[in-house]
Amino acid sequence: MTWKCPVCGYENTDDALFCIQCGAKRPEGAQQPQAQPAEASQPAEVQAPQQVTIDQQAQQEAQPAEPQAEAQPASPTVASTEPAPQATQQTTPQPPTAQLSQQVEVQQQAQKYYLQFIATPASALNKMKVPLDFDVFESISIGRSPENVIVIPDSEVSRRHAVLSLSNGKLYIEDLNSTNGTYVYDGKLFQPVKGKQEIQANSIIKLGNSTIVKIVRE
């Protein structure tokens, strides 16, 4: 005997509990052996848990992927620790003495002084600039004698007339008891130098009565 599926109309054998075509359950009006439903029901009951366990396993396998994705942001923490060496680099150049010494050396190199002749009886010296090499000489003597660092062939300039010196970045001139004196122009008059006197760049100095020089810094 056969029974007709109420869903798709397929004719199934009498021993079938479900429609072979669409899988619909056999109507309750038809009788069938009780031993068979247990066998037919077992596959349905077994298949459902398998699907559930497979789905659970798929979910469990999919879940660890999220912590891995969350674990990746840990890498920025490693990168955040990398700037630490920069802090050490900034702290290492702490000794200010080295920086100050370098600055002083640069300033000393920049402060190169020259003695420029403005007027002198020795016409060959006019407009000439003579470097003041304080790196070589602690003091630079000026006079008519050849033993001086700067020799001026002027009869009114004493043999050892004056001396220039540099101390702590400051320039000084000192008259060496010359006969005709040493003078510094103050903007109006030439004032006599008494003892050791500080002078500035662009100072105009008169040695004796005829020689006038200017201190230039370049």
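Computed from the coordinates by the stated procedures, all read-outs in this text should not be read as laboratory data. All values reported here derive from a predicted model rather than from experimental measurement.
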Under a cut-off of 19 Å between alpha-carbon atoms, report the lysines in cross-link reach of LYS206, not counting same-chain residues fewer than 8 places apart.
LYS127, LYS129, LYS188, LYS194, LYS196, LYS214
When the chain is fully extended, how far beyond the present Cα-Cα distance does ALA201 get from GLU138, taking 0.36 nm per residue of separation?
20.8 nm
Using each residue's phi in segment 189-196, evaluate 6.51 cos²θ - 1.76 cosθ + 1.60 at θ = phi - 60° and report the 3J(HN,Hα) Karplus result to the nearest Hz, with x for Gly and Pro.
9, 7, 9, x, 8, 10, x, 9
Note: segment 128-218, point scatterers on Cα, Debye, no solvent; log10 I/I(0) at q = 0.11, 0.19, 0.25 Å⁻¹ equals -0.27, -0.85, -1.54
I'd like the Karplus ³J(HN,Hα) series for segment 2-10: coefficients 6.51, -1.76, 1.60, θ = phi - 60°, whole numbers in Hz, and an x wherever there's a Gly or Pro.
10, 10, 8, 5, x, 9, 10, x, 6
Can you run phi through the Karplus equation (6.51, -1.76, 1.60; θ = phi - 60°) for segment 14-19 and list ³J(HN,Hα) in whole Hz, with x for Gly and Pro?
5, 7, 7, 8, 10, 5
